[in-house]
Amino acid sequence: MTTTQAPPAGLSGTPAGDPFAHARQVADAVLFEGYVLYPYRASAAKNRLRWQFGVLVPPAWGPAHGEHSAARTELLMEPRGAADIAVELRFLHPVRRTVQRAGPGGFADTDALHLADRVLVPWDEGAEERVEFRVPVTGLTGDGLVFPFSRPAREETEHVLDDTGRTVGRLVRRSAPVHGTVRLHAAELDVPYRAFRLTALVENTSGWQPEDGIEAADRDAALPRSLVAAHLLLGLSAGSFLSMTEPPEWARHEVAACENRHTWPVLAGGPGRTDVVLSSPIILEDHPAIAPESAGAMYDATEIDEILALRTAALTEDEKREARGTDDRAAAVIDLADSLPAEVLDRLHGAVRSLREITGESRASGVYGASGADPGSVDEAALFRPESPWWDPAGADAGPPPPERIHVDGVPVGAGSRVRLRPGARRTDAQDLFLRDRPALVEAVLHDVDGEVHLAVTVEGDPGADIRREQGRFLYFKPDEVAPLEER
């Protein structure tokens, strides 16, 4: 369900065309990030804590429970002439669905309603909402603009029929009212160019107070009145926004002074465009895009499509029935996974996006390599095109065997040596940090084709060390990330 509230008097209407067409593809992924996690069933533990991204709760409830009721976006823009700015706030309005079974005395709530193709269970759905308006940039100076919006409480009933057409139950969907505001303000900067700092504040302004008191209320009581996965799309009719990560030199100080809370703005109008910004509760880089290999939405918070598709296809029929009954979007994922042909799964298996022709992307587009040379003028014979891989084990000069022991702090270390782990901050992941100062046993000294040395180790006291050793699955550290210990 998508609704759009008309702009207030004094604002121009929605512009012709859709400036957010490209950005909305990524915004859709943000809107439903983590909406229903694999294995897509309401009974799954990971689906019992709903709505984790961009949740703006009622202001009376948030501070007492460590959640926030507002998100602030701040960035720089260079509007040209009498530019307008288009604004689109998007969020999910939680809809609480209960399941009722039909009986002689009418309908009564039930934990599950079993049908031939699905199992219907209580669940919180998300109805997509949009708040859209357009205003001249000059109207944002001074006191700026305050745009209130609201969505009313709703109740809808859907009868459930079995395969014979008989009414066996019904779904009752209820949503609570939500209220909020979008505040926009622009301040011109004292810089060499005509530039403004744009501030956009999205607030949940619900006056809701739970009957049993704020401290006693749980999150489930506040969520129906929350804005979920709230994010902003901003577009200039003329001019550009500045990147928050790669601004021009003259704007670096002003960009560093921008204050973003619970959201992060990135350029999102497509490669080379700077007139559209997506301010997202999930940190993205400039010009984000949906992978072209993706066959459809999987709603699973950064997981890759291949793993999800294969795991979903491996669900039992009973598990698929429950997933289909959990949510229409979950049902679509199950059907998608069941219908993917082999060639689509092969396409999901991996893609390298960092490689491109060194001579440029396309003569037709007028975009060439870093040298700016026309690809047609490049001497093909001068390009390095090896006939064999950069390293061929069969043809490599084996040379002498690498040493089985190396010296660390003047002490020979090899298989069987005890060391103390000292992970290096410059290349350590979070898992390695948990092992700081732990004693470990060196299982092997390994040398890679670049001449780098790695120590394969098992951690002393690890109950799974024997299994790791049998499977050859070790932890790896550089020589300067360990300190020798005396042998026992």
Review point. Between T205 and T316, what is the spin-label point distance in nm, taking each point 7 Å from the Cα along the Cα→C-beta axis?
Key: 5.2
Check your understanding: Taking only C-alpha pairs under 8 Å that are 6+ residues apart, what is the relative contact order of region 263-354 in percent?
Key -> 21
Point to revise | Pairwise label distance in nanometres, A187 with L485, each label 7 Å out on the Cα-Cβ vector | key: 5.6
Review point. Can you tell me the accessible area per residue over region 265-309, all protein chains present, probe 1.4 angstrom, in square angstrom?
Key: 44
Check your understanding: How large, in percent, is the carbon and sulfur part of the accessible surface of region 246-334 at a probe radius of 1.4 Å?
Key -> 51
Exercise for review: May I ask for the distance between the Cα centers of region 134-201 and region 65-110, given as a whole number of Å?
Suggested key: 7
Practice item. Express the carbon and sulfur contribution to the solvent-accessible surface of region 52-102 as a percent, rounded to the nearest whole number, probe 1.4 angstrom. Key: 50
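The values are calculated or read from the model by the stated rules, or taken from the named source; none is laboratory data. On a predicted model such as this, the values are computed, not experimentally measured, just so you know. Positions of Cβ are backbone-derived with ideal geometry, glycine not excepted, and every protein chain shown enters the neighbour counts. Just so you know, the surface numbers come from the protein's heavy atoms only, side chains and all, with ligands and any DNA or RNA stripped out. Shrake-Rupley method; radii C 1.70, N 1.55, O 1.52, S 1.80 Å.
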